1. Please find, within region 84-107, the residue that is surrounded by the most Cβ atoms within 10 Å (Cβ to Cβ) out of those that are part of a helix (DSSP H, G or I) and under 19 Å from the mean Cα position of the chain (by Cα).
2. Pairs needed: first member in region 74-96, of a type in the set (S, T, N, Q); second member anywhere, in a loop (DSSP other than H, G, I, E, B) and crowded, with 22+ Cβ neighbours inside 10 Å; C-beta distance under 9 Å; at least 6 residues apart or different chains.
3. Sort through ALA53, ALA28, ALA82 and tell me the only one that's among the small types (Gly, Ala, Ser) and more than 25 Å from PHE229 (Cα to Cα).
4. Please enumerate the residues belonging to region 193-220 that are among the hydrophobic types (A, V, I, L, M, F, W, C) and under 23 Å from THR97 (Cβ atoms).
5. Of the conditions (1) crowded, with 21+ Cβ neighbours inside 10 Å; (2) more than 29 Å from TRP152 (Cα to Cα); (3) under 21 Å from the mean Cα position of the chain (by Cα), CYS46 clears all except one; give me its number.
6. Just to be sure, is GLY72 farther than 25 Å from ARG157 by Cβ, among the small types (Gly, Ala, Ser) and surrounded by 16 or more Cβ atoms within 10 Å (Cβ to Cβ)?
7. Output the residues belonging to region 108-121 that are more than 22 Å from CYS227 (Cα to Cα) and either of a type in the set (D, E, K, R) or surrounded by 14 or more Cβ atoms within 10 Å (Cβ to Cβ) (or both).
8. In region 1-83, which helices (runs of 4 or more DSSP H) lie fully inside it and hold 1 or more residues that are at pLDDT below 95 and over 30 Å from SER141 (Cβ atoms)?
Amino acid sequence: MCAAKSYFELCSRIEKFPFIDEIRLELADLLDQQDNLRGRLIREQCSTDPDPACIKQMLDRHGRSWAAQDLGVPDHIIPSGASFEFHKGFAWWPVHTSYNSFSAAIAAGRYDYVDPRLIAANLRIKDAPVTINAQLVLYASSRNITSEAAVWNMRRRLGLHVEQDQIWELFAFGEKYPDVQRHLLCVALGSVDVYPNGLRGVPCLGRWNTGRKLDLYFWDGEWLPDCCFLAVRQLLFASGTLVP
């Protein structure tokens, strides 16, 4: 069996079983044989004692091309200076969960603070049982950016899914990866709440003193470069996008 086919098969298995690290490490073995540094990234991010400096060095050098590969787009489509958070070797974070209601989804996240305006009616979504099975992406601009520009980049340039019911995906991310929001702000631009005075707010996961919060931040104005925008990765691995 040729290496390229083995690579494709392993990636397909990771897509199907994203929470089994043994499959990722098997792919890392194959990439190590080809002197592909992504294998080292997978090992470091699957480790119980990762080397942050090593991870940063690899992502500074290769993160753009790896993210483009994971999203199925050419490198030049990624906005200049943009970055992505990587999870266990890839620029997507798997979530799979179900909620019986909007309030149950909030409770599952175990937040230390929740904005009282965060109710289904304010976000104009149906409060009903829902199942989320998605591969999420955390995209960050290299400079201050407006909400409109960030949504345009994610939808039009990167082919990501950003829609009104995105709050459910933010809930799933907050429940599955609670420590991420302790070092960065995760913003769901797809779900918009309109205040009585006409201003708009979007739900975010962030820090609250030493804890975690589910809050609303204003849509209008600009976001700082340390904000990450959450979206859903639509494309699965295809043989034409794999470069082992």
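1. From region 84-107, those part of a helix (DSSP H, G or I) are 102-107; that's our starting set.
With the extra rule that they be under 19 Å from the mean Cα position of the chain (by Cα), the set shrinks to 105-106.
Details: ALA105: 24, ILE106: 19.
Residue satisfying both the conditions and the ranking: ALA105.
2. Within 9 Å, the pairs are SER83/SER141.
3. Values: ALA53 fails: more than 25 Å from PHE229 (Cα to Cα); ALA82 fails: more than 25 Å from PHE229 (Cα to Cα).
Answer to the selection: ALA28.
4. Initial filter on region 193-220 (among the hydrophobic types (A, V, I, L, M, F, W, C)): 194, 199, 202, 204-205, 208, 214, 216, 218-219.
Of everything in region 193-220, those that are among the hydrophobic types (A, V, I, L, M, F, W, C) and under 23 Å from THR97 (Cβ atoms) turn out to be VAL202, CYS204, LEU205, TRP208, LEU214, LEU216.
5. All conditions are met except number (1).
6. no
7. Our first condition is that a residue be more than 22 Å from CYS227 (Cα to Cα); within region 108-121, this holds for 108, 116, 119-121.
Result: ALA108, ILE119, ALA120.
8. Details: elements: 3-16, 21-33, 38-46, 52-71.
Because the criterion is at least 1 residues that are at pLDDT below 95 and over 30 Å from SER141 (Cβ atoms), the helices (runs of 4 or more DSSP H) in region 1-83 that meet it are 3-16, 21-33.
The values are calculated or read from the model by the stated rules, or taken from the named source; none is laboratory data. Everything numeric here is computed off the predicted structure, so don't read it as measured data. Cβ: placed from backbone, ideal geometry, glycine included. Neighbour counts: every protein chain shown.
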